[in-house]
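Input: a single structure, listed below in structure tokens.
The values are calculated or read from the model by the stated rules, or taken from the named source; none is laboratory data. Here the structure is a predicted model, which is why all the values come from computation and not from measurement. Cβ: placed from backbone, ideal geometry, glycine included. Neighbour counts: every protein chain shown. Surface areas here come from the heavy atoms of the whole protein model, side chains and all, with no ligands, DNA or RNA. Shrake-Rupley method; radii C 1.70, N 1.55, O 1.52, S 1.80 Å.
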Amino acid sequence: MQHILALSRSAVIVRHWFEIDLDDASMEHGVRIELREVAPQQHRGSESAAQLITADRPLWRADLFDRLTDAPGSFGVAHYHPEFSGNEPCDRTWDPELTANPWRWLRDHIANLGAGPGRKVWQLEPADAGELSGLADVIVTLAREFAPDRCRSAQECFQLTRDARESVRLMMEYLRRPDLLDRSWVSPWAETA
């Protein structure tokens, strides 16, 4: 399940996410919040025809994650990606404030459009920037619904991320230490669709 708040030229996607660390096969899950560009599309059909909306190019991402082995809600591996190169995120950026108070951190980032000490403001269409800033509390409320402490089993996590089955399978394929993977926990993603 995903919630998508689409503005005129940008969108915010809020969802639960599950991933496997490629180095040590530790598993992480929690809420992923992405800011994306809404790509302009050519008008199709009549004046009343439904139009295509594409939330395409990623601009920013925050992953408010726990390791499965951590106490739920500790946010021990919460991080963000302030930049993307094409579709690929930059390395994880760590911020002690994010771990200490993830909801305030997220609200502040959205309300301030990414701006802060050592951070530049997101380059958004001015009308979208004004709307997005005002949606900070709405986005935090949505994000809380997908927090790591809300997901308590492999089956529940899979139900929230079943659309990402291919990504999880790629993680399993690229593991540097596949012998460390808890295969029973990832079995819902490994099963044939």
What are the residues in the range 86-136 that are part of a helix (DSSP H, G or I) and in contact with a Ser or Thr (Cβ under 9 Å, 6 or more places away or on another chain), if any?
Thr99, Trp105, Ile110, Ala111, Ala127, Asp128, Ala129, Glu131, Leu132
Checked Leu52, Leu68, Leu64 against criteria (over 27 Å from Gly118 (Cα atoms) and touching a helix residue (DSSP H, G or I) at 6+ places or on another chain (Cβ under 8 Å)); the one match is Leu68
Just wondering, is there one or more residues in the range 24-44 that are under 22 Å from Thr93 (Cα atoms) and either aromatic (Phe, Trp, Tyr) or open to solvent by 70 Å² or more (accessible area, probe 1.4 Å) (or both)?
yes
It is to be established whether one or more residues within the range 176-183 are part of a loop (DSSP other than H, G, I, E, B), open to solvent by 20 Å² or more (accessible area, probe 1.4 Å), farther than 16 Å from Arg67 by Cα and in contact with a strand residue (DSSP E or B) (Cβ under 8 Å, 6 or more places away or on another chain).
no
Return the residues of the range 136-151 that are touching a residue at least 60 places away in the same chain (Cβ under 8 Å), open to solvent by less than 90 Å² (accessible area, probe 1.4 Å) and under 16 Å from His109 (Cβ atoms); say none if nothing qualifies.
Val138, Ile139, Leu142, Ala143
Could you check Cys157 against (1) at pLDDT 95 or above; (2) touching a strand residue (DSSP E or B) at 6+ places or on another chain (Cβ under 7 Å) and say which number it fails?
(1)
I need a count of the residues in the range 57-75 that are part of a loop (DSSP other than H, G, I, E, B) and open to solvent by less than 40 Å² (accessible area, probe 1.4 Å).
2
Leu113 fails exactly one of the following numbered conditions: (1) farther than 30 Å from Pro40 by Cβ; (2) open to solvent by less than 30 Å² (accessible area, probe 1.4 Å); (3) within 19 Å of the chain's Cα centre (by Cα). What is the number of that condition?
(1)
Output the residues belonging to the range 102-147 that are in contact with an Asp or Glu (Cβ under 8 Å, 6 or more places away or on another chain) and at pLDDT below 95.
Gly116
Say we look at the range 76-100 and pick out the residues that are in contact with a helix residue (DSSP H, G or I) (Cβ under 9 Å, 6 or more places away or on another chain) and open to solvent by less than 50 Å² (accessible area, probe 1.4 Å); which of these is farthest from Trp17 (Cα to Cα)?
Asp95
Any chance Glu37 is touching a Cys at 6+ places or on another chain (Cβ under 6 Å) and more than 23 Å from Arg165 (Cα to Cα):
no
